[in-house]
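Everything on this sheet refers to the single structure shown next.
The values are calculated or read from the model by the stated rules, or taken from the named source; none is laboratory data. These numbers come from a predicted model, not from an experiment. Ideal geometry is used to build each Cβ from the backbone, glycine not excepted, and the neighbour counts take in all protein chains shown.
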Amino acid sequence: MRHLLVTAGPQKGHIFQVCDAFNLLIGRSRHATYQFTDPRMSRVHCEVEMKGKRILISDLESGAGTFVNGKRIGDTTQLRGNDIVRVGDTEFRMVDDVADDPTIMPTVQPALRPVLMSQEKLHNLTGTKLSHYEVGKVLAKGHSGLIFKAYCFKYDRDVAFKVMWPEFSQNDEEIMRFVRAMKTMLPLKHPNLVTLYGAGKTGPYCWIAMELVEGDSLTTVIGRLRTANLDWRNALRVSYYVAKALEYAHGNSIVHRNITPQNVLVGKRPEETKLGDLMLAKAQEGALAAQITRAGQILGDIRFMAPERTSTNATIDARSDLYSLGALMYALLTGKPPFEGKNLIDTITRIRTGDFVTPKKFQPGMPDVVVGLVNRLLARKPDDRYASATEVIKDMERIGASLQVKL
């Protein structure tokens, strides 16, 4: 396991874990994964990400620059063991296995030590019991935790069991508030929403039990599009059922905020499409939003966010979800999101001011009415989009009928 050890600067002695769950955004801004007090550091200075076994660092157009082993980097460079990174007056060293290195572990801040240790232990929950669940194999890694397959011996069923990252579980009062909010969502049932079964905190672990859906995430589906695009008819069908899920959520005063390929599961038939991760919407209502949405949400999902969501204190409503639906549909049609930059700042700039390539370039046989549907969903101004998911559904049904596409 890789870590960044701060060897000089105001936070000297701190250690930050590098993992593929989320990218690390380093700077003085409160939106950074790790916020620094170094006055020479930019608000959004640099980004560290893990790609396979490689660790990459990108300068985000900082004022003072990012240096590796004394040399100022361009956009992105690879980090290797014991490389020295300088950001403002702060220096980091890339290290491995800090828990086993007696020369390093004593310098770890006490509040960080259990987080570093317990993140590793989270992977070892397989075969253990939490509450009335027997935890099985890891199914996926999300921005806010690990998802396991688990067996509920109370109700004799298999479930998807999400255990939150340890830093999520530090404040018991906030956790219990979150659990209570989650339980208010248990009565919400819809065929195109992943059903929530329960939530709680057992020992140091905060967990959520959900319906186990047999199928692929749209991340997997879109990954296959590198060789062949999904037929526009199937893209329309899948998007239609996501819109149905949104109509129900919005009808219950829930703005989802996290519509991404990772959170949409598709069964054998399009009508088995299910939208998950409603828990993020509830997290946004409390102080835990800063923990659950931090860099994972900002970095991992930025390509599917509406332009207004990239601004601080912007008004977010159902139309922001409809933009994300459009970005999702665009990715299904083309194999990639409408906007994707070299780094965080570049991506945000393109979302706010750029023009996307028409999906018809990727699928010349796509009818113009389908192109118009995508264009309207992706309108930069909320007022230029559909007013509601119900309006989107009606338009999709009209298009399907006119083109003889069964939804």
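Residues that are of a type in the set (D, E, K, R), more than 20 Å from VAL44 (Cα to Cα) and at pLDDT 95 or above number at least 3 in the following helices (runs of 4 or more DSSP H) confined to segment 294-407: 389-402. Please determine whether any residue of segment 249-257 is crowded, with 16+ Cβ neighbours inside 10 Å and in a helix (DSSP H, G or I). Yes: segment 249-257 contains one or more residues that are crowded, with 16+ Cβ neighbours inside 10 Å and in a helix (DSSP H, G or I). Every condition in (1) among the polar types (S, T, N, Q); (2) closer than 23 Å to ASN343 by Cα; (3) at pLDDT 90 or above holds for THR273 except the one numbered (2). The set of residues in segment 69-87 being out of contact with any His (no Cβ under 7 Å at 6 or more places or on another chain), buried (at least 19 other Cβ atoms within 10 Å of the Cβ) and under 16 Å from GLY9 (Cβ atoms) consists of VAL85, ARG86. Taking the criterion of being crowded, with 18+ Cβ neighbours inside 10 Å, of a type outside the set (Ser, Thr, Tyr) and in contact (Cβ under 8 Å) with a residue 40 or more places away in the chain, the residues of segment 343-358 that qualify are ASN343, LEU344, ILE348, ILE351. Between a first residue in segment 322-342 that is more than 12 Å from LEU246 (Cβ to Cβ) and a second residue that is of a type in the set (S, T, N, Q) and modelled with pLDDT of 95 or more, which pairs have beta carbons less than 8 Å apart while being 6 or more apart in sequence or on different chains? The qualifying pairs are MET329/SER239; LEU332/SER239.
Exactly one residue among ALA32, ALA64, ALA111 is surrounded by 15 or more Cβ atoms within 10 Å (Cβ to Cβ), modelled with pLDDT under 80 and part of a loop (DSSP other than H, G, I, E, B), and that residue is ALA32. Candidates in segment 360-372 are the residues that are in contact (Cβ under 8 Å) with a residue 40 or more places away in the chain and under 27 Å from ALA245 (Cα atoms); of these, the one that is surrounded by the most Cβ atoms within 10 Å (Cβ to Cβ) is VAL370.
For segment 373-391, a residue qualifies if it is within 14 Å of GLY326 (Cα to Cα), exposed (fewer than 14 other Cβ atoms within 10 Å of the Cβ) and among the charged types (D, E, K, R), and the qualifying residues are LYS381, ASP384.
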